[in-house]
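I have placed the structure first, in the form of structure tokens, so that the comments after it can refer back to it.
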Amino acid sequence: MPDQHQQPVIQEDPIAAIATPVGIGALAVIRVSGRGALDIAGKVFRKAGDPDFRFGDSKGFVAHFGRVYDRDGLVDEVVALVFRSPGSFTREDMVEFSCHGGPVVVRHLLQALYEAGCRPAEPGEFTRRAFLNGRIDLLQAEAIGEMIHARSESAYRTAVNQMQGNLSLKLDQLRQRLLESCALLELELDFSEEDVEFQSRGELKEQLLQLQEEVQKLVDSYQHGRLLSEGVATVIVGKPNAGKSTLLNTLLGEERAIVSHMPGTTRDYIEECFVHEKTMFRLTDTAGLRESDEEIEREGIGRSYRKISEADLILYMLDLSKPDYLQEAEVVREFRDTYGQAKLIVIANKTDLDPDAEARIRMIQEETGCDVTGLSAKQGEGIETLLKQMSSMVEGLDKLHEASVLVTSLRHYVTLRNAGDSIQNALELLGAYAGIELIAFELRSALDYVGEITGKVVSEEVLNMIFDRFCIGK
């Protein structure tokens, strides 16, 4: 966790941007932050009943009602909220104008601020300044972005936990213990001629084994964390006309995919999301799996297989109205064996067209060795049963956000794996009685990797990658 009380504030050049969604609304909020922000805001603002008012004389966290003017005259009546450094989000001097939410009003107010001395903010620049000034660490900055873009309750709660600093605290504790071991080894290097040992090799090994176990727990948590953050990648597959697009539309509650009796209607995959019981499912309707001489359809089928290989959950649909449905049992078993990384649900569709549906479903279960869910995607029959089965596949996922420490970012996952590899290398060197300098090098590498996550050690390239994903005004 950053210590903002000890870190000096850097007041960078003044920036301004709208912090609320662009469009027509009751209100819009425009932020101004940086060096001279109070004076710049004062150039365009006149407080009601106080012609001599200056933002520089105002206390922080105080709102002032007045009017904003540009060179052509009155722009709007606004409420201006003052934040004094270091008590603002960026820790710089800040003013937030709440104006009427029309796009023309916003454009005029921003233009007045630009002419008064601000420049347009870049994507994520306010949050970037908050990080650079020690208001938040890098992991918390990313959590703010994840919270804004959260599309499910679980993703939102997980982001809130990370924004509060739970994972940051865990990583700082790991880093501190690595730092202590590094410092002792470095001290031994300084006293190498005296052959002194500041930490026994047994104690060092025990410490590294504990660190390795804790890092591995964080690495292992990514699989669940990713599902919470990104949603469960759910791919609907099967032969043409099995009812895949109809099922997609039924689950979404809208006509998203074209439904036709002609085979090969879906030439490419279609992706949409829906939330069920706090868990988000990223549905993909794929092109029907069959041999095809048509070039575009072949490309669509190829893309379908790529999506299947990335899936967390596969919904394999069989058409009960076709006489050859049992012949697909071998394909289903092949899917189960080939794509073992994903959970598999077999769906027997069009039960409304088959009076012997229950008997046929039992035959499919015997042939495939899988549980089979019968439904009519067109009539909506059996959908609730399918949803319960989908939820059972990720049972407990909606409760994982209650865990205080969970890795949800690919960047964090990769970096922690690298840290774990460095600790493993140090253990192997320790077991081989290698030189202290080699062990110290691996521990310093692990230290740097952990520091990369929270921003203790970070490159400009990483910062650009993270903050470019933010909206302007955040």
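The values are calculated or read from the model by the stated rules, or taken from the named source; none is laboratory data. Because the structure is predicted, anything quoted here is derived from the model rather than measured. All Cβ positions, glycine included, derive from the backbone under ideal geometry; neighbour counts span all protein chains shown. Heavy atoms of the whole protein, side chains included, go into the accessibility calculation; ligands, DNA and RNA do not. Shrake-Rupley method; radii C 1.70, N 1.55, O 1.52, S 1.80 Å.
Looking only at residues of segment 154-191 that are of a type in the set (S, T, N, Q) and open to solvent by 80 Å² or more (accessible area, probe 1.4 Å), we find that the one that is modelled with the lowest pLDDT is Q164.
Taken as a whole, the structure places R151 among residues that are surrounded by fewer than 16 Cβ atoms within 10 Å (Cβ to Cβ) and in contact (Cβ under 8 Å) with a residue 60 or more places away in the chain. Restricting attention to segment 29-53, the residues that are open to solvent by 30 Å² or more (accessible area, probe 1.4 Å) and either without any contact (Cβ under 8 Å) to a residue 12 or more places away in the chain or part of a strand (DSSP E or B) (or both) add up to 7. Of all residues in segment 422-461, those being over 21 Å from L169 (Cα atoms) and surrounded by fewer than 16 Cβ atoms within 10 Å (Cβ to Cβ) number 11.
Tell me, which residue of segment 109-133 that is of a type in the set (S, T, N, Q) and in contact (Cβ under 8 Å) with a residue 60 or more places away in the chain is farthest from F89 (Cα to Cα)? Filtering segment 109-133 for residues that are of a type in the set (S, T, N, Q) and in contact (Cβ under 8 Å) with a residue 60 or more places away in the chain, the one farthest from F89 (Cα to Cα) comes out as N133. For segment 57-74, residues that are touching a helix residue (DSSP H, G or I) at 6+ places or on another chain (Cβ under 9 Å), open to solvent by 30 Å² or more (accessible area, probe 1.4 Å) and not charged (D, E, K, R) total 1. Among the residues of segment 272-330, the ones that are surrounded by fewer than 19 Cβ atoms within 10 Å (Cβ to Cβ), at pLDDT below 70 and within 23 Å of C370 (Cα to Cα) come to 1 in all. Cβ-Cβ contacts under 7 Å between residues 6 or more apart (or on different chains), taken from a first residue in segment 217-232 that is open to solvent by less than 20 Å² (accessible area, probe 1.4 Å) to a second residue that is of a type in the set (K, R) and at pLDDT 85 or above, are listed as V219/R417; G231/R282; V232/R282. Scanning segment 168-189 for residues that are polar (S, T, N, Q) and in contact with a helix residue (DSSP H, G or I) (Cβ under 7 Å, 6 or more places away or on another chain) turns up S168, S181. Screening I136 with (1) open to solvent by 10 Å² or more (accessible area, probe 1.4 Å); (2) of a type in the set (A, V, I, L, M); (3) in contact (Cβ under 8 Å) with a residue 24 or more places away in the chain; (4) in contact with a strand residue (DSSP E or B) (Cβ under 7 Å, 6 or more places away or on another chain) gives one miss only, at (4). Residues in segment 88-102 that are outside any strand (DSSP E or B), modelled with pLDDT of 95 or more and out of contact with any Phe, Trp or Tyr (no Cβ under 6 Å at 6 or more places or on another chain): S88, F89, R91, E92, D93. Residue count for segment 54-108 satisfying the condition of being in contact (Cβ under 8 Å) with a residue 40 or more places away in the chain and on the phi > 0 side of the Ramachandran plot: 1.
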